[in-house]
Amino acid sequence: MEPFKKNSVLVYEEVKAVKFFLWTFYIILVPYDFIVYYIYPYFNKVETGLPYGGLGFYFHLLLFFLLPAAIIIIKKGYPEKVKYMYFAAFILLDTINNVLIYWGSNKEFNSGHILEVYFILFSPIFVSKRFFWVITLGFSLKYLTIGLIFQSAKVLFALGLILFISIIAWILLSRFQSYITAITSIYEDMRQKEKLAVIGQMATAIAHEIKNPLSSLKGFTQLQQEKDNGDEQYYPIMLNEIDRINAIVNDLLILGKPNTAIKKPQKLEEIIQYVLSVIVPHAQRRDIDIILDTKTSSVLLCDENQLKQVFINLIKNAMEAMPEGGTVTIRIESQNSGIKVSVIDEGCGIKPDQLAKLGEPFYTTKQSGNGLGLMVSKKIIEEHGGNLIINSELGKGTDVTIYLPVP
Ligand code: ADP
Ligand code: MG
């Protein structure tokens, strides 16, 4: 839940945590000091009252003055700042108090306040690692300084206690956070699946409706082109655009339908050779070399057309990542239980936060992209019992690796 985002639900949660924190803060502060400075000395027949020379009641009064400030800060919409304000105020007042009491006196330093333990132990309710570190390091630093100033060994005990409590708080905090992460990722997964299911249904329906009008549109455009022979300006563009719509429709049909693969034994190299024969002329025009690096020869049980589409998608992506030209390497290696094919480019690479979004339909960073290519490829590969893994380094290149089982 860190970094803190201004989301109304999160703000509400933070306000709840702050209220709980404030209540317990004062509930602990008052009775604790009363017991330590009045009840305990009374029963031990020593002098009662707050330590001589310190801030006395002003220590408590000032801490109570923080309350209106906290309420204003919460009302202004910054509830996440309240805990830091309390910590800063507490450590400041406590240090001043200690300096006033012990500076120049021969009294031995009396170890810390229960509120320090409270701060650390309750830090997990804010589910913020930053706050945890700020207070743990803050209190440790305070004791180190006091230990140096007053040359007191008692701080060692306080430091040990802080360390011990911090470890407990850290464990709680980590558990909270990993629990939240798990729930978020389950939710994210569900959302993704739901989105896919809806898109699947819509896609199949729409794609079906579009396919027939599209093919007659293409037929008539070709006829018209023949009639108007000589006009080479617009027809090629129109036909090209119709082909593009057709490609999108085909992608959507693959995504929407359950397994449609018609599998036959095929040589993988032949499929890739075919794809290269189509793509290499385009690549040459864009200063891109495509290297096929085959170490094995293997027969797969697969749908030839679907695998062709996968490699067209991947090689096109690789080429589009290298507008200045470069080399695409297609490497085929055998793996213990199957075959591994990598399409490696030297292109722009993918940012880590984008990498997470690649599973989403229609996610694209290209002006004329449709964001379906990778999804379609992944679906086809998974329907072949394999998987597709993307590794990328920003500015260095991308490696899309496919694992496919061999019968
Ligand atoms: P499209 O190519 O239509 O954008 P894809 O599903 O094929 O859709 O790819 C989605 C996005 O993934 C691309 O827009 C691009 O940002 C990123 N991507 C895919 N392959 C590569 C690659 N080889 N190098 C860099 N980015 C890539
Ligand atoms: Mg693509």
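The values are calculated or read from the model by the stated rules, or taken from the named source; none is laboratory data. Small disclaimer: the values here were computed from a predicted structure and weren't measured. Here Cβ is always computed from backbone atoms with ideal geometry, including for glycine, and neighbour counts include all displayed protein chains. To get the accessible areas, we keep the full protein, side chains included, count just its heavy atoms, and leave off ligands, DNA and RNA. Shrake-Rupley method; radii C 1.70, N 1.55, O 1.52, S 1.80 Å.
Some notes on this structure:
- Selection count, the range 291-317, where residues are within 16 Å of ligand 2 (Cβ to nearest atom) and without any contact (Cβ under 8 Å) to a residue 60 or more places away in the chain: 5
- Only listed residue being hydroxyl-bearing (Ser, Thr, Tyr) and under 28 Å from GLU360 (Cα atoms), chosen from TYR187, TYR274, TYR235: TYR187
- Residue selected from the range 362-407 under the condition of a type in the set (Val, Ile, Thr) and farther than 20 Å from THR260 by Cβ, by the criterion nearest to ligand 2 (Cβ to nearest atom): THR364
- Residue match in the range 44-59 (condition: surrounded by 13 or more Cβ atoms within 10 Å (Cβ to Cβ), in a helix (DSSP H, G or I) and among the aliphatic types (A, V, I, L, M)): no
- Scanning the range 353-362 for residues that are of a type outside the set (A, V, I, L, M, F, W, C) and either more than 10 Å from ligand 1 (Cβ to nearest atom) or part of a loop (DSSP other than H, G, I, E, B) (or both) yields ASP353, LYS357, GLY359, GLU360, PRO361.
- The listed residues are ILE254, ILE199, ILE186, and the only one of them that is farther than 18 Å from LYS379 by Cβ, assigned to a helix (DSSP H, G or I) and either under 37 Å from the mean Cα position of the chain (by Cα) or modelled with pLDDT of 90 or more (or both) turns out to be ILE186.
Okay, residues lined up against (1) more than 21 Å from PHE87 (Cβ to Cβ); (2) touching a Cys at 6+ places or on another chain (Cβ under 8 Å); (3) not assigned by TED's automatic domain parsing to the domain that holds PRO51:
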| site | (1), (2), (3) |
| --- | --- |
| LEU121 | no, no, no |
| TYR143 | no, no, no |
| LEU148 | yes, no, no |
| PHE157 | yes, no, yes |
| ILE168 | no, no, yes |
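- Residue in the range 312-331 that is in a loop (DSSP other than H, G, I, E, B), more than 25 Å from ARG285 (Cα to Cα) and open to solvent by 40 Å² or more (accessible area, probe 1.4 Å) present: no
- Any hit, the range 79-93, residues being part of a loop (DSSP other than H, G, I, E, B), without any contact (Cβ under 8 Å) to a residue 12 or more places away in the chain, of a type in the set (A, V, I, L, M) and open to solvent by 70 Å² or more (accessible area, probe 1.4 Å): no
- Check on SER215, exposed (fewer than 15 other Cβ atoms within 10 Å of the Cβ) and of a type in the set (Gly, Ala, Ser): yes
- Within the range 128-148, not a single residue is on the phi > 0 side of the Ramachandran plot and assigned to a loop (DSSP other than H, G, I, E, B).
- Single residue of ILE101, ILE28, ILE35, ILE73 found to be open to solvent by 50 Å² or more (accessible area, probe 1.4 Å) and either touching a Leu at 6+ places or on another chain (Cβ under 6 Å) or not hydroxyl-bearing (Ser, Thr, Tyr) (or both): ILE35
- Number of the condition not met by GLY349 [criteria: (1) surrounded by 13 or more Cβ atoms within 10 Å (Cβ to Cβ); (2) in a helix (DSSP H, G or I)]: (2)
- Only one of ILE339, ILE350, ILE279, ILE291 that is modelled with pLDDT of 90 or more and within 13 Å of ligand 1 (Cβ to nearest atom): ILE350
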